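The structure appears right after this line, and notes come after that.
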Amino acid sequence: MTRRLLIKKVSFYLFASLIGFFNLIPFFWMVSTSLKARKALAVLPVQWIPEEPSFEAYQRLFQLFPFARAIWNSVFISVTTTVIVVVSASLAAYVFAKVPFKGREVLFTLFLMTMMIPGQVTMIPNFLVLRYLGLLNTYLGVLLPTIYNAFATFLLRQNMRIIPDAFLEAAIIDGASHFTIFSRIVVPLSKPILAALSVITFMGTWNDYLWPLIVLTDRAKMTLPVGLGLLNTQYGNQYNLLMAGGLISMVPILLLYFLAQKHFEQGLSIGGIKG
């Protein structure tokens, strides 16, 4: 029996390693291509390890294009959006999970029904509202619609529902307000799911292309995905340049995931299964 279990375990890890290797091939190709000089791009057979590694593509990337500005714009919008979504969704989730009032479940059901509406459908109405308010081509115009996020509220509510009501009742007896209960009891107990939501929101905002493209018309305000799209249009045949830009855009996502990996996995298991 021990031998059979050992064979199964070894087979599983070999199979998982094989799948992981094939999934990493495109990433290896990106790194290899970004380190090639332009003359080495068309060499056949493909050189997985460049004979003469060069950082020319990374240097030209910042010379030909306002890439540093696009990175800063993406960082600012992604971090601000993450803060807005986490704060607004956690407050709404607390109300729906722990504050009893008449019609709460009906209101929450209507709230969730908005998730059935594709985001592309609401882009034109949102655009018209922003134009009426004079917020086009502003960061506020990009950030304003993020205040409402039904998925984030649902995810946090599922986690907050499993917090024992005895904690809240004891705090109420001691004279604590709802804000005190929320900030000192609910938020500390919800740290894993808040970390998971932060990672999900940051990744989604960082990779968002369509909404910033619609709202921001000034080239100095464009985000990194929009900049990569323009880069592909102007320098589509310079693959080393495109791969260098793509790799740079992946760095913040990878760093964030590695830093919050423990809380991210724990938060998803708690918020997605229980409740």
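The values are calculated or read from the model by the stated rules, or taken from the named source; none is laboratory data. These numbers were taken from a predicted model, which means no experiment stands behind them. Ideal geometry is used to build each Cβ from the backbone, glycine not excepted, and the neighbour counts take in all protein chains shown.
When you check Ile193 against the structure, is it surrounded by fewer than 21 Cβ atoms within 10 Å (Cβ to Cβ), at pLDDT below 90 and either in a helix (DSSP H, G or I) or not assigned by TED's automatic domain parsing to the domain that holds Phe154 (or both), yes or no? Write out each step before concluding.
Working: surrounded by fewer than 21 Cβ atoms within 10 Å (Cβ to Cβ): no; at pLDDT below 90: yes; either in a helix (DSSP H, G or I) or not assigned by TED's automatic domain parsing to the domain that holds Phe154 (or both): yes.
When the stated conditions are applied, Ile193 does not pass them.
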Taking into account only those residues within segment 52-106 that are among the hydrophobic types (A, V, I, L, M, F, W, C) and outside any helix (DSSP H, G or I), which is farthest from the chain's Cα centre (by Cα)? Phe101
Can you find even one residue in segment 160-182 that is of a type in the set (S, T, N, Q) and without any contact (Cβ under 8 Å) to a residue 12 or more places away in the chain? yes
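Out of Leu110, Leu156, Leu128, Leu133, I need the residue that is closer than 18 Å to Ile84 by Cβ, assigned by TED's automatic domain parsing to the domain that holds Asn73 and surrounded by fewer than 16 Cβ atoms within 10 Å (Cβ to Cβ). Which one? Don't jump to the end; show me each part of the working.
Values: Leu110 fails: closer than 18 Å to Ile84 by Cβ; Leu156 fails: surrounded by fewer than 16 Cβ atoms within 10 Å (Cβ to Cβ); Leu128 fails: closer than 18 Å to Ile84 by Cβ.
From the options Leu110, Leu156, Leu128, Leu133, the qualifying one is Leu133.
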Test set (1) surrounded by 12 or more Cβ atoms within 10 Å (Cβ to Cβ); (2) more than 22 Å from Thr205 (Cβ to Cβ); (3) in the same structural domain as Tyr235 (by TED's automatic domain parsing); (4) of a type outside the set (Lys, Arg) - Pro100 fails condition number: (1)
Members of segment 208-220 found to be at pLDDT below 90 and either assigned to a loop (DSSP other than H, G, I, E, B) or surrounded by 19 or more Cβ atoms within 10 Å (Cβ to Cβ) (or both), listed by number: Thr217, Asp218
Which pairs turn up if I take residues in segment 64-90 that are within 15 Å of Leu224 (Cα to Cα) and free of Cβ contacts under 8 Å to residues at least 12 places away in the same chain and look for partners that are part of a helix (DSSP H, G or I) and of a type outside the set (Asp, Glu) with beta carbon separation below 9 Å, at least 6 apart in sequence or on another chain? Ala68/Phe62
Exclusive hit being surrounded by 13 or more Cβ atoms within 10 Å (Cβ to Cβ) and closer than 18 Å to Leu155 by Cβ, set Thr81, Thr138, Thr33: Thr81
